[in-house]
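Below is one structure. I have some questions about it.
The values are calculated or read from the model by the stated rules, or taken from the named source; none is laboratory data. This is a predicted model, so every value here is computed, not measured. Please note: Cβ atoms are built from the backbone with ideal geometry, for glycine as well, and neighbour counts cover all protein chains shown. Areas reflect the complete protein model, heavy atoms only, side chains present, ligands, DNA and RNA absent. Shrake-Rupley method; radii C 1.70, N 1.55, O 1.52, S 1.80 Å.
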Amino acid sequence: MSGQPEVTRLRQQHGKAAAGCLTRAFLPDPLWLALLPDAGVREKQLTGKFRATVRTAVHGGLPLATPGLTGVAVWQPPRRPALRSMLRTGFPTERWLLSLPAPERRRVAAVFRRLSERREALMPSPFWYLEAIGVEPTHQGRGLGGALLRDGLTRADEAGLPAYLETEAESLVSMFSHFGFRVLQEVHAPEVRVPLWLMRREPVQHPQIHYEQI
């Protein structure tokens, strides 16, 4: 589609900047506000979390970015990361989780576990997973998120596989619906009392979706 922002694959050297972009996008996120209520440490902890996410994706997933790292998406293809890749990256997510204070660690681990269990139950067959997507607050509304979504969805369509995501922002449910996603289930994490929407998109042979700017 003409006029769409260019999307490129992230490299390891871009990990810090990419994590910064995702952190700023997720600072007002309701789930992370509940999981990390201390505003003084939330930005630091989110930065650590997303640095781990990007680092792992570089060696086993599909981390994407728009020019200037103004938008970032982390897609996970249906294959699971090999043990070699996990060893190579040093289990960054697990290390980040262990670095959290005990109360926050328990809440985060419980929510992660609940989402993983629901993901396995709802998606028993291979699928593409949108692990994270965010756009710099000052660049939102320019179609960057749509470009990042479209790139991953095109790959899923080419493979004939569904796509799956989780969102805790109710305002994004209708936006993802424009891209063909539908809500499979709404769940509430009792640890933080925040609703989450679990969404799936079926593959299409000839995508003709109107990608609105986000």
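Output the number of the condition that ALA110 fails; it satisfies all remaining conditions of (1) in contact with a strand residue (DSSP E or B) (Cβ under 8 Å, 6 or more places away or on another chain); (2) within 24 Å of ARG79 (Cα to Cα); (3) in contact (Cβ under 8 Å) with a residue 40 or more places away in the chain.
Among (1) in contact with a strand residue (DSSP E or B) (Cβ under 8 Å, 6 or more places away or on another chain); (2) within 24 Å of ARG79 (Cα to Cα); (3) in contact (Cβ under 8 Å) with a residue 40 or more places away in the chain, the lone unmet condition for ALA110 is (2).
Among the listed residues ARG201, ARG155, ARG193, which satisfies the condition of being touching a residue at least 40 places away in the same chain (Cβ under 8 Å) and on the phi > 0 side of the Ramachandran plot?
The match here is ARG193.
A further question on this structure: Just name the residue that is modelled with the highest pLDDT out of those in region 147-176 that are over 17 Å from TRP75 (Cα atoms) and loosely packed, with under 14 Cβ neighbours inside 10 Å. Can you show your working first?
From region 147-176, those over 17 Å from TRP75 (Cα atoms) are 168-175; that's our starting set.
Narrowing further to those that are loosely packed, with under 14 Cβ neighbours inside 10 Å: 170-171, 174.
Values: GLU170: 88, SER171: 87, SER174: 92.
Residue satisfying both the conditions and the ranking: SER174.
Return only the number of the condition from (1) surrounded by 14 or more Cβ atoms within 10 Å (Cβ to Cβ); (2) not in a strand (DSSP E or B) that TRP197 does not satisfy.
(2) is the only condition that TRP197 fails.
Name the residues in region 148-191 that are within 16 Å of the chain's Cα centre (by Cα) and acidic (Asp, Glu), would you?
Matches in region 148-191: ASP151, GLU166, GLU168, GLU170.
Return the pairs, sorted by first residue and then second, in which the second residue is open to solvent by less than 10 Å² (accessible area, probe 1.4 Å) and of a type in the set (Phe, Trp, Tyr), the first residue lies in region 137-152 and is within 14 Å of GLN4 (Cα to Cα), the beta carbons are less than 7 Å apart, and the residues are 6+ apart or on different chains.
Partner pairs satisfying both residue conditions: LEU149/PHE179.
Tell me which residues, restricted to region 123-132, are under 27 Å from GLY71 (Cβ atoms) and either assigned to a strand (DSSP E or B) or over 16 Å from the mean Cα position of the chain (by Cα) (or both).
MET123, PRO126, TRP128, TYR129, LEU130, GLU131, ALA132
Pull out all pairs, ordered by first then second residue, where Cβ-Cβ is under 7 Å, the residues are six or more apart or on different chains, the first lies in region 43-67 and is closer than 21 Å to PRO5 by Cα, and the second is charged (D, E, K, R) and assigned to a loop (DSSP other than H, G, I, E, B).
Filtered contacts from region 43-67: THR66/GLU6; PRO67/GLU6.
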